[in-house]
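Shown next, in structure tokens, is the structure this report addresses.
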Ligand SMILES: [Zn+2]
Ligand SMILES: [Zn+2]
């Protein structure tokens, strides 16, 4: 298995040490794990200023020694905001990241957070699905078009709390927006992730779901990765990753990728499922 999206205690909302994840990964014979710590650049953000690159580098070095058969990468999850593109590029220049994930957590530059429950509820209460999801996909398109990232994080995370207000997420309704995003990804060489956390959350399906994965493939996306988005050890493990790999196969993908020194490394999905 691989896991290219999870958080350790070096993210403000993470609750386990990377060493403990590494021991689990070793036990389950993971080929690659990449902790993608939050790097939030908006002073309004809860985890602003929390990221510590020295600690991160040291933890990754220690984890590599603990799980010598597993590739342990240095990963980061940026909260994308158009106004912060320059800062994001600077961080990527300064540090030897293996993987940079770009995620939309804010709906605009005034700090409407859609991935934190209370703030999301306050926002969705006042907005129609067209406004809220429409704005989300607009910013997601900017994220893809920026070309700053290896991977677009959880490409339809707007549904995480959105389903509580607008009902089940219907990918067909957002097909134009989604296809625009995937075309921008294909143009800029940005991959997408299948984030399996959604199976345990309100939508009951991963980010993104099956239909959206099919659209991504039709628009030329080949670089696809998979992650648990675990924030503690109980969410980290091969069961949902395996289910996700099977879903990717169904959607027509035969490879998944992890990133090493910002370059994609392909792995056969069948090979991973047989391990
Ligand atoms: Zn995220
Ligand atoms: Zn995350």
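With respect to being in contact with a helix residue (DSSP H, G or I) (Cβ under 9 Å, 6 or more places away or on another chain), at pLDDT 95 or above, surrounded by fewer than 24 Cβ atoms within 10 Å (Cβ to Cβ) and under 21 Å from residue 253 (Cβ atoms), residue 170 falls outside the description. Residues of the range 39-52 that are touching a residue at least 24 places away in the same chain (Cβ under 8 Å) and out of contact with any helix residue (DSSP H, G or I) (no Cβ under 8 Å at 6 or more places or on another chain): 40, 44, 45, 46, 47, 50, 51, 52.
Restricting the range 93-138 to residues that are at pLDDT 90 or above, under 27 Å from residue 73 (Cβ atoms) and not in a strand (DSSP E or B), the residue that is nearest to ligand 2 (Cβ to nearest atom) is 105.
Per-residue answers, yes or no, for (1) in a helix (DSSP H, G or I); (2) within 16 Å of ligand 2 (Cβ to nearest atom); (3) modelled with pLDDT under 95; (4) under 16 Å from residue 151 (Cβ atoms):
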{"position": "30", "(1), (2), (3), (4)": "no, no, no, no"}
{"position": "35", "(1), (2), (3), (4)": "no, yes, no, yes"}
{"position": "45", "(1), (2), (3), (4)": "no, yes, yes, no"}
{"position": "49", "(1), (2), (3), (4)": "no, no, yes, no"}
{"position": "54", "(1), (2), (3), (4)": "yes, no, no, no"}
{"position": "76", "(1), (2), (3), (4)": "no, yes, no, yes"}
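Of the candidates 160, 243, 222, the single residue that is in a helix (DSSP H, G or I) and either surrounded by fewer than 21 Cβ atoms within 10 Å (Cβ to Cβ) or over 16 Å from the mean Cα position of the chain (by Cα) (or both) is 243. May I ask you to verify whether residue 11 is over 25 Å from residue 224 (Cβ atoms), within 16 Å of ligand 2 (Cβ to nearest atom) and touching a strand residue (DSSP E or B) at 6+ places or on another chain (Cβ under 7 Å)? For residue 11, the condition - over 25 Å from residue 224 (Cβ atoms), within 16 Å of ligand 2 (Cβ to nearest atom) and touching a strand residue (DSSP E or B) at 6+ places or on another chain (Cβ under 7 Å) - is not met.
Of the residues making up the range 140-162, those that are at pLDDT 95 or above, more than 16 Å from ligand 2 (Cβ to nearest atom) and over 16 Å from residue 213 (Cβ atoms) are 141, 142, 145, 146, 147, 148. Of all residues in the range 257-275, those satisfying the criterion of being within 16 Å of the chain's Cα centre (by Cα) and either surrounded by 19 or more Cβ atoms within 10 Å (Cβ to Cβ) or within 15 Å of residue 194 (Cα to Cα) (or both) are 257, 258, 259, 264. Of everything in the range 246-256 that is under 23 Å from residue 73 (Cα atoms) and not in a strand (DSSP E or B), the residue that is nearest to the chain's Cα centre (by Cα) is 248.
The values are calculated or read from the model by the stated rules, or taken from the named source; none is laboratory data. Since the structure is predicted, the reported quantities are computational estimates derived from the model, not experimental observations. As a convention, Cβ positions derive from the backbone with ideal geometry for all residues, glycine included, and neighbour counts pool all protein chains shown.
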